[in-house]
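Participant: First the structure, which I've put down as structure tokens, then a few questions once you've had a look.
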Amino acid sequence: MKNLWNDADAEKMVADYAKKGVGRDLALRVYTTRLLGGEPRLVLHGGGNTSCKTKATDLVGDEWDVLCVKGSGWDMAVIEPQGLPAVKMGALLKARTLTKLSDEDMVALQRSNLIDPASPNPSVETLLHAFLPHKFVDHTHSTAILAIVDQEDSKPLIKAVFGDKMGYVPYIKPGFDLAKVAAEVFDADPTVEGLILDKHGIFTFGDDAKQAYDRMIHYVTMAEDYVAKNGKPQAAKAALPPKLAKPSDIAPTLRGAVAVARGEGRFDRMISDFRTSDSIVDFINSAKIADYAGRGVSTPDLSIRIKTGPMAVPAPDADKLGDYKAVVRSHVEAFVKDYTAYFETNDALDDVKRTMLDPMPRLTLVPGLGMFGHGRTLKDAKIASDVGEMWIEAVRGAEAIGNFHPLSKADLFPLEYWSLEQAKLASNKPKPLTGQVVLITGGAGAIGAATAKLFAANGAHAVIVDLDAAKAAEAAKAAGNSSIGVGADITKPAEMRAAFDKAVAVYGGVDILVSNAGAAWEGRIGELDDATLRKSFELNFFAHQSAAQNAVRIMLEQGTGGVLLFNTSKQAINPGPKFGGYGIPKAATLFLSRQYALDYGAYGIRSNAVNADRIRSGLLTDAMIASRSGARGVSEKEYMSGNLLGQEVTADDVAQAFLHQALAERTTADVTTVDGGNIAAALR
Ligand SMILES: [Zn+2]
């Protein structure tokens with residue numbers, strides 16, 4: 001592994017932070033923490049931690065010896081000084097004299113000795129850092145180290161690879177007990193330069209930041225070299241079907257299978273992130289992939305991301321796709337059964353009251369294709385994929401030099417169900433649409449953009465489809481929540497299909513369609529030329545049908561219901577003069593909505609329409625408002641609020657109606673009016 005230390009960079013960071021009042025020790029601690037954090041083969045998403053022992057001054061001017069240690073929730077790659085909260089050393093060192101300290105008391109002790117009470121929780125490995133005498137301590141879950149410690153008889157191998165300069169610490173769950181044992185191992189031979197933690201990772205330490213970092217890179221390289229020199233050829237590859245299905249062919253099926261059924265047609269859905277490369281596929285194509293997956297995670301803290309390990313499914317045969325749904329579902333059922341048994345067996349061992357987490361896999365390995373990370377948000381799904389790549393690295397190395405033999409699942413259980421680990425995830429409270437994907441046509445227009453924003457604020461990821469790709473991207477950025485923009489002329493079936501394919505490629509599927517795009521053509525119906533009427537039908541009817549067809553195709557593959565929402569306009573039920581070219585296809589679309597409600601209700605797919613009127617948008621521009629109000633001899637304000645409530649109706653009001661229809665789980669074949677009240681246009 002390349003040593004990235006650079007004197008000039010280090011000194012620049014010291015100088016830059018000095019201007020902000022941050023001392024040299026902490027600045028260098030930030031520098032090497034980022035070097036370690038930037039390498040996924042060392043640490044990933046909250047795994048690993050670092051510390052330095054220095055001095056800090058409190059609010060009344062007293063100076064304290066402190067441990068600045070990585071705070072929970074900080075990513076080492078982008079850490080700042082405030083991500084390394086200062087804890088008073090005296091109290092931490094005193095804790096070593098205790099014989100017992102519960103996890104909760106350990107957290108309380110650490111928190112009550114913070115210099116700044118607003119700091120994040122210091123790492124669960126804080127005491128281990130504190131009990132070692134060195135000024136700088138680095139800890140990673142290096143994949144090369146894991147290849148060596150994840151062996152059945154790892155202790156002699158660890159000694160053979162690293163010699164006497166590294167101490168050996170048997171597996172113990174992180175916390176007080178591990179800290180005490182690690183300190184005893186160090187005390188027995190204070191000449192060691194670091195510690196190898198069986199089935200877990202590596203600590204190195206030094207008198208300065210560079211020495212601790214250099215040692216980390218040195219010992220990780222030693223492990224890499226050992227694996228490279230002693231590696232045996234890989235296990236045989238599994239036979240693949242002659243013609244493989246594409247990832248997009250199976251993504252919705254898989255996504256549906258890992259959704260958690262809450263009963264009565266309700267689901268907690270997940271987002272799927274597809275990840276592949278030659279290296280990933282080469283590994284997953286192994287004939288032993290299901291066996292590897294079943295053995296577990298390469299280092300225990302991965303369990304909060306991918307539970308007890310990945311799920312492997314067979315390669316999908318393009319000619320037998322019809323059978324694949326049942327294959328995937330049976331594998332998910334088996335995973336759930338194993339997970340439930342793992343929970344029940346280990347939960348029964350003590351009196352602690354625990355609730356089983358959802359038992360769904362978070363990482364699916366598909367020979368021939370790659371892997372899917374699953375999570376309640378796109379971010380979580382991507383983290384699962386990242387973790388999957390590093391799991392592969394560690395298992396590949398472990399199998400090259402022996403047999404991958406990680407921590408047993410019985411030992412993993414207390415960690416996965418450890419209150420302190422669960423706390424890392426607790427901040428992610430789901431929103432009403434968390435885990436769902438909404439595709440919105442005409443998404444960059446006033447109503448489309450307002451709807452995307454509202455749905456994203458309620459947890460959905462939005463796929464904003466618009467004729468103008470740049471505006472779609474802009475609206476996606478404004479909506480937030482990892483939403484995306486797609487440029488497409490949706491009157492062209494191939495472009496509509498491509499937009500849905502994009503949704504499947506990025507998120508794994510679609511749950512909500514807001515079929516919103518429209519445009520108005522004016523003219524007295526008897527004199528309207530055919531070409532104009534047909535053009536209007538293409539956008540105001542056929543594009544709705546094409547969007548709904550695509551959405552339903554994906555929803556049926558997912559098997560988790562869904563909802564179709566159509567923007568039909570007041571014209572669908574109450575024609576305006578010279579507006580037939582617009583209103584007639586919209587009337588057809590209103591009935592299209594009802595037809596979908598009728599034909600797909602049995603599959604849990606709902607279909608509703610919103611008929612809005614007089615909304616400032618691309619259809620009713622400021623210039624049109626000026627001309628129409630002028631023609632009627634009223635002010636623009638009077639024209640826009642010419643309804644029973646006497647108030648202007650906005651794009652946000654329409655977005656609220658769509659959201660209501662998406663959330664009202666027993667509402668289908670509904671038409672919601674958003675026009676401020678118009679008795680002539682009221683539905684019977
Ligand atoms: Zn660790």
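The values are calculated or read from the model by the stated rules, or taken from the named source; none is laboratory data. Here the structure is a predicted model, which means the values were calculated and not measured. Positions of Cβ are generated from backbone atoms using ideal geometry, with glycine treated the same way; all protein chains shown enter the neighbour counts. Surface accessibility is based on the protein's heavy atoms, side chains included, excluding ligands, DNA and RNA. Shrake-Rupley method; radii C 1.70, N 1.55, O 1.52, S 1.80 Å.
Participant: Using only helices, what value at 222 nm comes out for the chain when you add -39,500 (n - 2.57) per DSSP H run of length 4 or more and divide by the total residues, to the nearest 500 deg cm²/dmol?
Facilitator: Estimated from H runs of four or more residues: -14000 deg cm²/dmol.
Participant: Compute the signed sum of charges (Lys and Arg +1, Asp and Glu -1) over the other residues within less than 12 Å, Cβ to Cβ, of LEU590. The partial results should precede the final answer.
Facilitator: On the way: positive: LYS570, LYS586, ARG594; negative: ASP670.
In short, +2.
Participant: Still on this structure, please answer the following. Using 0.36 nm times the number of residues separating ASP116 and ALA77, minus their current alpha carbon distance, what extension gain do you get? Can you show the working numbers first?
Facilitator: Values: separation 39, 0.36 × 39 = 14.04 nm, distance 2.28 nm.
Separation in residues times 0.36 nm, less the Cα-Cα distance, equals 11.8 nm.
Participant: Here's something else I'd like to know. If you average the sequence gap of Cα pairs under 8 Å that are 6 or more apart and divide by the length of region 243-374, what percent do you get for the contact order?
Facilitator: Numbers: 176 pairs, mean separation 48.9, N = 132.
The value is 37 percent.
Participant: Quick one: longest stretch of the chain between exposed loop GluC sites (Glu not before Pro), exposed meaning at most 10 other C-beta atoms within 10 Å and loop per DSSP?
Facilitator: Values: sites that count: GLU152, GLU264.
Looking at the chain, 265-684 is the longest stretch - no exposed GluC sites (Glu not before Pro) with at most 10 other Cβ atoms within 10 Å.
Participant: Taking the Cα atoms only, what angle lies between the long axis of helix 24-37 and the longest principal axis of the chain, rounded to 10 degrees?
Facilitator: It works out to around 70 degrees.
Participant: Could I ask something else about it? Once R0 is set to 25 Å, what does the formula 1/(1 + (r/R0)^6) return for the Cβ-Cβ distance between GLU665 and ARG553, expressed as a FRET efficiency to the nearest 0.05? Walk me through the intermediate numbers first.
Facilitator: Values: r = 22 Å, r/R0 = 0.88.
The calculated FRET efficiency here is 0.70.
Participant: Follow-up. Name the residue farthest towards the positive end of the dipole of the chain from the options THR32, HIS405, ALA602, assuming +1 on Cβ of Lys and Arg, -1 on Cβ of Asp and Glu, about the Cα centre.
Facilitator: It is ALA602.
Participant: Next up: Once you charge only the Cβ atoms, +1 for Lys and Arg and -1 for Asp and Glu, what is the size of the charge dipole of the chain about its Cα centre, to the nearest 20 debye? Can you show the working numbers first?
Facilitator: Details: 76 positive and 83 negative charges, 267 e Å.
Computed about the Cα centre, the dipole is about 1280 debye.
Participant: Quick check: the distance between the Cα centres of region 561-625 and region 274-309, to the nearest angstrom?
Facilitator: Using only Cα atoms to place each centre, the spacing works out to 47 Å.
Participant: If you take every DSSP beta bridge whose two residues both sit in region 7-230, what share of them, in percent to the nearest 5, is antiparallel? Walk me through the intermediate numbers first.
Facilitator: Details: 25 of 29 bridges.
Counting only bridges with both partners in region 7-230, antiparallel ones make up about 85 percent.
Participant: May I pose another question? State, as an integer percentage, the relative contact order of region 7-230 based on alpha-carbon contacts under 8 Å between residues 6 or more apart.
Facilitator: Values: 396 pairs, mean separation 42.7, N = 224.
For region 7-230, the relative contact order is 19 percent.
Participant: In addition: Rounded to the nearest 0.05, what FRET efficiency do TRP64 and ASP282 have when you use their Cβ-Cβ distance and R0 = 56 Å? Don't skip to the end; give the middle numbers.
Facilitator: On the way: r = 53 Å, r/R0 = 0.94.
The formula returns an efficiency of 0.60 here.
Participant: For LYS429, which aspartates and glutamates qualify as cross-link partners when the Cα separation must be under 17 Å and same-chain residues fewer than eight apart are set aside?
Facilitator: ASP268, ASP358, ASP380, GLU421
Participant: If every alpha-carbon in region 146-238 counts as one equal scatterer, what log10 I(q)/I(0) does Debye give at q = 0.15, 0.18 1/Å?
Facilitator: -0.61, -0.84
Participant: Once phi is turned into θ = phi - 60°, what whole-Hz ³J(HN,Hα) does the Karplus curve with 6.51, -1.76 and 1.60 give for every residue of region 434-440, x standing for Gly and Pro?
Facilitator: Calculated HN-Hα couplings, in order: 4, x, 9, 10, 10, 10, 10 Hz.
Participant: For the chain, what does the relative contact order come out to in percent, with C-alpha contacts under 8 Å and a separation of six or more? Before the final figure, lay out the partial values.
Facilitator: On the way: 1373 pairs, mean separation 67.1, N = 684.
Value for the chain: 10 percent.
Participant: Suppose R0 equals 51 Å; then what is the FRET efficiency for ASP411 and LEU620 from their Cβ-Cβ distance, rounded to the nearest 0.05?
Facilitator: On the way: r = 65 Å, r/R0 = 1.27.
It comes to 0.20.
Participant: Now, a different point. Once you've got the Cα coordinates, tell me which of LYS135/LYS159; LYS159/LYS199; LYS492/LYS578 are over 19 Å apart. Before the final figure, lay out the partial values.
Facilitator: Details: LYS135/LYS159 26 Å; LYS159/LYS199 15 Å; LYS492/LYS578 27 Å.
Over 19 Å Cα-Cα: LYS135/LYS159; LYS492/LYS578.
Participant: Over 19 Å between Cα atoms, which of LYS379/LYS431; LYS246/LYS325; LYS165/LYS409 qualify? Spell out each step's value before the answer.
Facilitator: Values: LYS379/LYS431 15 Å; LYS246/LYS325 14 Å; LYS165/LYS409 31 Å.
Cα-Cα > 19 Å for LYS165/LYS409; rest within.
Participant: In degrees from 0 to 90, rounded to the nearest 10, what is the angle of the helix 321-347 Cα long axis to the longest principal axis of the chain?
Facilitator: Rounded to the nearest ten degrees, it is 50.
Participant: Let me ask something additional. Would you kindly work out the equivalent ellipsoid of the chain from its C-alpha gyration tensor and give its semi-axes, the square roots of five times the eigenvalues, largest first in whole Å?
Facilitator: Numbers: eigenvalues 620, 182, 91 Å².
After scaling each eigenvalue by five and taking roots: 56, 30, 21 Å.
Participant: Quick one: putting +1 on the C-beta of Lys and Arg, -1 on the C-beta of Asp and Glu, what dipole do you get for region 468-572 around its Cα centre, in Debye to the nearest 20? Walk me through the numbers on the way to the answer.
Facilitator: Values: 10 positive and 12 negative charges, 35 e Å.
The dipole magnitude comes to about 160 debye.
Participant: Using the Cα centre as the reference, give the magnitude of the dipole from point charges on the C-beta atoms of region 7-230 (Lys, Arg: +1; Asp, Glu: -1; all else neutral), rounded to the nearest 20 debye. Numbers along the way, then the final one.
Facilitator: On the way: 25 positive and 33 negative charges, 39 e Å.
Here the size comes out at about 180 debye.
Participant: Helix 176-188 sits at what angle to the longest principal axis of the chain, using alpha carbons and giving 0 to 90 degrees rounded to 10?
Facilitator: The helix 176-188 is inclined about 30 degrees to the chain.
Participant: Next question. Along the charge dipole of the chain, pointing to its positive end and built from +1/-1 on Cβ of Lys, Arg, Asp and Glu, which listed residue (ALA261, THR568, SER142) has its Cα farthest out?
Facilitator: Highest projection toward the positive end goes to THR568.
Participant: With a point put 7 Å past each Cα toward its Cβ, work out how far ALA494 is from ASP164 in nm, to one decimal.
Facilitator: 7.3 nm
Participant: Still on this model: Share of the chain's accessible area from carbon and sulfur, percent, 1.4 Å?
Facilitator: Working: 15520 of 28740 Å².
Answer for the chain is 54 percent, counting heavy atoms of protein chains only.
Participant: Report the one residue of PRO252, ALA160, ALA498 whose Cα lies farthest in the direction of the positive end of the charge dipole of the chain (charges on C-beta: Lys and Arg +1, Asp and Glu -1; origin at the Cα centre).
Facilitator: Toward the positive end, the furthest listed residue is ALA498.
Participant: Over the chain, with the other protein chains present, what is the accessible area per residue in square angstrom, probe 1.4 angstrom? Intermediate values should be presented prior to the final figure.
Facilitator: Working: 28740 Å² over 684 residues.
Solvent-accessible surface per residue comes out at 42 Å².
Participant: Rounded to the nearest 5, what % of DSSP beta bridges with both residues in the chain are antiparallel? Please list the in-between numbers first.
Facilitator: Numbers: 39 of 72 bridges.
Roughly 55 percent of the beta bridges in the chain run antiparallel, per DSSP.
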